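Report on the structure given below.
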Amino acid sequence: MGVSGQKKILIVEDEQDILQLVKHYLEKEGFRPVTAMNGLDALKRVKEDKPDLVVLDLMLPHMDGLEVCKRLRAVPDTYREAAVSLGASRWQIVYKVLLPAAKNGLLAAVLLGVGRAVGETMAVLMATGHSVAIPHSVLDPVRTLTATIAAELGETVEGGLHYRVLFVIGSLLMLISLAVNLTADLVVKGVRGRQNV
């Protein structure tokens, strides 16, 4: 809490007019606003001022609002500091403190990365060689589903069999994406459930 029981609110906004407007209305309602103009400044202010609430713009210079959110929700510094004060080595801190604390975030990031890689059409198209031939080894060029849709949809006759098959491929991709996301959700919930026991 701020001075005299006022709730402290950090406003992170790079446009001065909007910043002053929000600050004015918050002061009028009895809050104690603290301001930052960019993401790096916001992270510093959070550590120094310990606000009760952060009002965060998404489009910021140097670091966008989503990145600021991710960093604010990361493993707290107090975990590292406590481990160091107990005499833990660097590897013990990473293995016994940081990895267990960040397990959910790391797992979610890997699964979202897999989902994103499946959806990256042009990068996958160039990296895989975009060959129509059936591969006989792991090193042979392949043709991915997303690349097939991207390359062939413009050349098909609307309503034809080829056109419909491409939409079936798109539906299959949606099902694969749904399966990856459901698996990620179940795994993360399972990890959280084991931590709460």
Pair list, Cβ under 9 Å, 6 or more apart: the stretch 126-150 residue acidic (D, E), other residue surrounded by 12 or more Cβ atoms within 10 Å (Cβ to Cβ): D140/G129
If you scan the stretch 22-42, which residues turn out to be under 30 Å from the mean Cα position of the chain (by Cα) and outside any strand (DSSP E or B)? V22, K23, L26, M37, N38, G39, L40, D41, A42
Please verify whether V54 is in contact (Cβ under 8 Å) with a residue 40 or more places away in the chain and not in a helix (DSSP H, G or I), treating the condition exactly as stated. yes
Can you tell me how many residues in the stretch 58-97 are assigned to a helix (DSSP H, G or I) and among the small types (G, A, S)? 4
Any idea which of (1) part of a helix (DSSP H, G or I); (2) under 25 Å from P76 (Cα atoms) is the one I9 doesn't satisfy? (1)
Regarding M63, is this residue under 16 Å from the mean Cα position of the chain (by Cα) and either more than 25 Å from L107 (Cα to Cα) or polar (S, T, N, Q) (or both)? no
Could you grab the pairs with beta carbons closer than 9 Å, sequence gap of 6+ or different chains, first residue in the stretch 17-44 and under 11 Å from Q6 (Cβ atoms), second one in a helix (DSSP H, G or I) and of a type in the set (G, A, S)? R32/S4
Suppose we filter A109, A82 for residues that are at pLDDT below 80 and either assigned by TED's automatic domain parsing to the domain that holds A184 or of a type in the set (G, A, S) (or both); which single one remains? A109
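The values are calculated or read from the model by the stated rules, or taken from the named source; none is laboratory data. Here the structure is a predicted model, which means the values were calculated and not measured. No Cβ is skipped: glycine too gets one built from the backbone with ideal geometry, and neighbour counts run over all protein chains shown.
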